[in-house]
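Structure, as structure tokens:
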Amino acid sequence: MKITVDISENDLKDIMRFTGEKKKGPAIVRLVSDSLMLKRRRELSEEVMSGKFRVDLPDWRETRAREREHNRALWHR
């Protein structure tokens, strides 16, 4: 989607410098993408910290035992 935005020359120079892009359009696209990614990470982090989002991982000992058994089966065919 194309849009028109007013950005000062100084801000545009900073955007190009921060993103490493040589052209204006790709620099703005990258800045917006990076900003959205950071906002999404922050949002997910806040959900994890508040307990809204939770991941239950299996006990590492059980996982290790399954891996050992699997490896043993591979080597003793």
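The set of residues in segment 32-70 being modelled with pLDDT of 95 or more and more than 30 Å from THR4 (Cβ to Cβ) is empty.
Entry remark, segment 42-74: residues being assigned to a helix (DSSP H, G or I) and either hydrophobic (A, V, I, L, M, F, W, C) or in contact (Cβ under 8 Å) with a residue 40 or more places away in the chain (or both) number 7 in total.
Total residues in segment 16-31 satisfying the condition of being part of a helix (DSSP H, G or I), over 18 Å from LYS2 (Cα atoms) and touching a helix residue (DSSP H, G or I) at 6+ places or on another chain (Cβ under 6 Å): the figure is 2.
The values are calculated or read from the model by the stated rules, or taken from the named source; none is laboratory data. Fair warning: this is a prediction, and the values are worked out from it, not measured in the lab. In this analysis, Cβ positions are derived from the backbone assuming ideal geometry, glycine residues included, and neighbour counts consider all displayed protein chains.
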